[in-house]
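Below: the structure, in structure tokens.
The values are calculated or read from the model by the stated rules, or taken from the named source; none is laboratory data. If you're wondering where the values come from, they're calculated on a predicted model, not measured in any experiment. Because the Cβ atoms are built from the backbone with ideal geometry, glycine has one as well, and the counts that use them run over all protein chains shown. Just the protein is used for accessible areas: all its heavy atoms, side chains included, with ligands, DNA and RNA removed. Shrake-Rupley method; radii C 1.70, N 1.55, O 1.52, S 1.80 Å.
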Amino acid sequence: MGLLEQRAPRVASLLAMPATRQLIRYALAGLCVTQFSACVYSAAVFFLRIDPMLANVFSTGCGLVTGYYIHSRWSFAEGGVGSEGWQVGRFLIASFVAFLINSMWVWLLTKVLHLSPLAPVPLMMLATPWISFLLNRHWVFKAA
């Protein structure tokens, strides 16, 4: 038996887990929303010459509505419990936490270290989404 045949049952059982499916959906949807927000941020600081902190506020607002819709309807569609009103409230709080984290990256890299306004983008796209996933899975959309 080849390595592929040995690994296939393990991969299948891993993919059968709700958390794995949610992580894959979250990664795909989150990547799109994060890319969208990062593009808005980058365009605001690069083309419009908006202060990086203000651009972060603007890009967060642009991604907020899109993110809730996609994550509530697709990423965490299975397993969500509670009224949508409570979910929206928890989502806004979780998004605010992510906003604060991104603001920390922007402040640290652009204001303290005086790096390029685009320096925070990699951290916004790679570090913050992991914290957001955990908040969304275990608190906002309450995993089954």
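Rounded to the nearest 10 degrees, the angle from helix 3-15 to the longest Cα principal axis of the chain is 70 degrees.
A simple rule links phi to the HN-Hα coupling: the Karplus curve 6.51 cos²θ - 1.76 cosθ + 1.60 with θ = phi - 60°, which for the stretch 98-104 gives 4, 4, 5, 5, 4, 5, 5 Hz, with x for Gly and Pro.
Excluding S132 itself, calculate the net charge of residues whose Cβ lies under 14 Å from the Cβ of S132, where each Lys or Arg counts +1 and each Asp or Glu counts -1. Provide the component values of the computation, followed by the final result.
Values: positive: R25, R90, R137; negative: none.
Around S132, the surrounding residues sum to +3.
Mean residue ellipticity at 222 nm, helices only, the chain: -22500 deg cm²/dmol; runs of at least 4 DSSP H residues each add -39,500 (n - 2.57), and the sum is divided by the number of residues.
A cut-off of 5 Å between modelled amide H atoms, ignoring neighbours fewer than 5 places along the same chain, links A119 with no other residue.
Accessible area, 1.4 Å probe, largest first: how do H71, H114, H138 sort? Walk me through the intermediate numbers first.
Working: H71 15, H114 140, H138 115 Å².
Result, largest first: H114, H138, H71.
Taken along the Cα-to-beta-carbon direction at a fixed 7 Å, the label points for A12 and F47 span 4.9 nm.
For the stretch 30-138, the list of chymotrypsin sites (Phe, Trp or Tyr not before Pro) that fall in a loop by DSSP and count at most 10 other C-beta atoms within 10 angstrom reads F47. For the stretch 19-27, putting each phi into the Karplus relation 6.51 cos²θ - 1.76 cosθ + 1.60 with θ = phi - 60° gives couplings of 4, 5, 4, 5, 4, 5, 5, 4, 4 Hz, in residue order, rounded to whole numbers and with x for Gly and Pro.
Charge dipole (Cα centre; +1 on Lys/Arg Cβ, -1 on Asp/Glu Cβ; no other charges) of the stretch 31-144 amounts to roughly 60 debye. Computed over protein heavy atoms with a 1.4 angstrom probe, the accessible surface ordering of R21, R10, R90, largest first, is R10, R21, R90.
For the stretch 117-133, backbone phi angles converted through the Karplus equation (6.51, -1.76, 1.60; θ = phi - 60°) give residue-by-residue couplings of x, 8, 4, x, 4, x, 5, 5, 8, 10, 8, 4, x, 5, 5, 4, 4 Hz, Gly and Pro being listed as x. Highest GNM mean-square fluctuation among L48, L123, L92, for the chain modelled with Cα contacts below 10 Å: L48.
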